[in-house]
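To keep things clear, I will list the structure first and then write my remarks on it.
The values are calculated or read from the model by the stated rules, or taken from the named source; none is laboratory data. Remember, predicted model here, so these are calculated numbers, not experimental data. Counting neighbours? That spans all protein chains shown, and the Cβs are built from the backbone with ideal geometry, glycine included. Side chains are part of the model used for accessible areas, which takes the heavy atoms of the whole protein and leaves out ligands, DNA and RNA. Shrake-Rupley method; radii C 1.70, N 1.55, O 1.52, S 1.80 Å.
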Amino acid sequence: MASTEPWLLENGTVKRLTKETRHGHGHSRTAHNMSSTSLRRKSDMSLVSKVPCVTLRKFLANLQEVILGTKLSILFIAIPFAIAAKYLGFARPWVFSLSLLGLMPLAERVSFLTEQLAFYTGPTVGGLLNATCGNATELIIAIFALMENKVDVVKYSLLGSILSNLLLVLGTSLLCGGIANISIEQKFDRKQADVNIALLLLGLLCHMLPLLYRYAAVASTTADALSTAKATLDLSRASCVVMLIAYFAYLIFQLWTHRHIFETQEEENDDDMDVSDDETAVIGFWSGLIWLIGMTAVISLLSEYLVDTIEEASTSWGISVSFISIIVLPIVGNAAEHAGAIIFAFKNKLDITLGVALGSATQISVFVVPMSVIVSWVIGIKMDLDFNLLETGSLALTIIATAFTLQDGTSHYLKGVVLLLCYFVIGASFFVSVSPTAPDSNGSLKGFEF
């Protein structure tokens, strides 16, 4: 555990958590936080403690905890290289690749900082912080893509995040967990899974209705293209309001009325977790807040680079924008969280794994996607929920396959194999698809018309 010297905190005291107190904060340490914990590195403060200047000592201690306190710290070097490549005129695919690598440790550090702030804010505010920052990277990329009028990049990247969580992350976790624990039957609590699947099905309905309406209107001889597009957009915006209402109801369900459902996984595994009875916050509240704002600013900068260079990277590599957005962006951008989920599956802690994979997919489906539509509405961009036939069909079959896989509350490696094969087939379909990179009048990269 990190050092407990008083100078680590700004108020001169160390905040200790007893076991009882930790359970009071337990639900603010969500599955996302526990997943990221597996990638953290214990800090040795013996050298920093010898610095005589108190202010410098605090700064170096915070720097060591935030920057060097992760096993992905080596990837931080990609951030200055990405900035240098941007301003020195390097090839734009290099800027894209370096920005993507730089986002990997940032996403994990945001999870760490929100957990640190939860020590001071209490369980409810901490839970809201985790919910808000859990998919901050996806939301920031979506906002910058909308500002660049690249609507389909937003759609593809968010769809890809849902698909990768439900098929790639969950499939790999079930496969690895099943092989590592092949002699025993792996079990998990279905309560969380059922809640998330229900919300995913609601999100799927809201995605399908605009698509079905467009096809119904095309089949009608009285509807014209302009009125159909307007009605589809209005229906999408109304559906987004419904999804946001469902998401806020989900937060109330998770943080207040049914906290016990989401606390169970931590209590049951408490003895196995690398958490001691004297767990301490390692940075102060204001330091954590400043670091969180700074990390968010860097994520915003790299997201802007990412959005600006995605078409050039697509052309240079000979890969469609849809494949990069749906497959590459989610895999690399969320690699830290995904690795943590797989590690816990190895340890036979499937409740945490499901909390990461299903929880992230649910949040993107019923919060990030509708919020992106609302943001586009505010800034005057026409983004709807019509994701075209291939994309919507892939999403529907993915949710159905996941629901059937988790219906009995048990797991084995074959379920993981099936989910992974589904992901490979869907990835292949987007790899062979051709989508032009020139935006249309609405800023969409329409791709195949079905």
The stretch 282-438 accessible area per residue, 1.4 Å probe, protein heavy atoms, integer Å², reads 35 Å²
Phi angles of the stretch 338-352, converted by Karplus (6.51 cos²θ - 1.76 cosθ + 1.60, θ = phi - 60°) into ³J(HN,Hα) in whole Hz with x for Gly and Pro, give 5, 4, x, 4, 5, 4, 5, 5, 4, 7, 6, 10, 5, 4, 5
Modelled label-to-label distance, Phe59 and Leu414, 7 Å Cα→beta-carbon offset: nm? 6.1 nm
Please find the FRET efficiency linking Ile319 to Phe90, where r is the Cβ-Cβ separation and R0 is fixed at 22 Å, and quote it to the nearest 0.05. 0.65
Quick one: order Cys422, Cys240, Cys53 from most to least accessible surface, probe 1.4 Å. Cys53, Cys422, Cys240
Distance from the stretch 141-156 to the stretch 294-325 (C-alpha centre basis), Å: 10 Å
Under the 0.36 nm per residue contour assumption, what length would be gained going from the current alpha-carbon distance of Ile290 and Ser183 to full extension? 33.7 nm
Work out from phi, with θ = phi - 60° and the Karplus expression 6.51 cos²θ - 1.76 cosθ + 1.60, the ³J(HN,Hα) of each residue of the stretch 308-324, listed in order in whole Hz, and give x for Gly and Pro. 5, 10, 5, 5, 5, 5, 4, 5, 5, 8, x, 10, 5, 4, 5, 5, 4
Label Ala396 and Lys347 with points 7 Å out from Cα along Cα→Cβ: what is the distance between them in nm? 4.0 nm
Apply the Karplus curve 6.51 cos²θ - 1.76 cosθ + 1.60, θ = phi - 60°, to the phi angles in the stretch 142-154 and return the couplings in whole Hz, x for Gly and Pro. 4, 5, 5, 5, 5, 5, 8, 6, 9, 5, 6, 4, 4
Approximate spin-label separation Ala249-Ser300, in nm, with each point projected 7 Å along Cα-to-Cβ: 3.4 nm
Largest-first principal axis extents of the Cα set of the stretch 286-439 (Å): 48, 46, 31
May I have the convex hull volume per residue, in Å³, for the Cα set of the stretch 166-208? 71 Å³
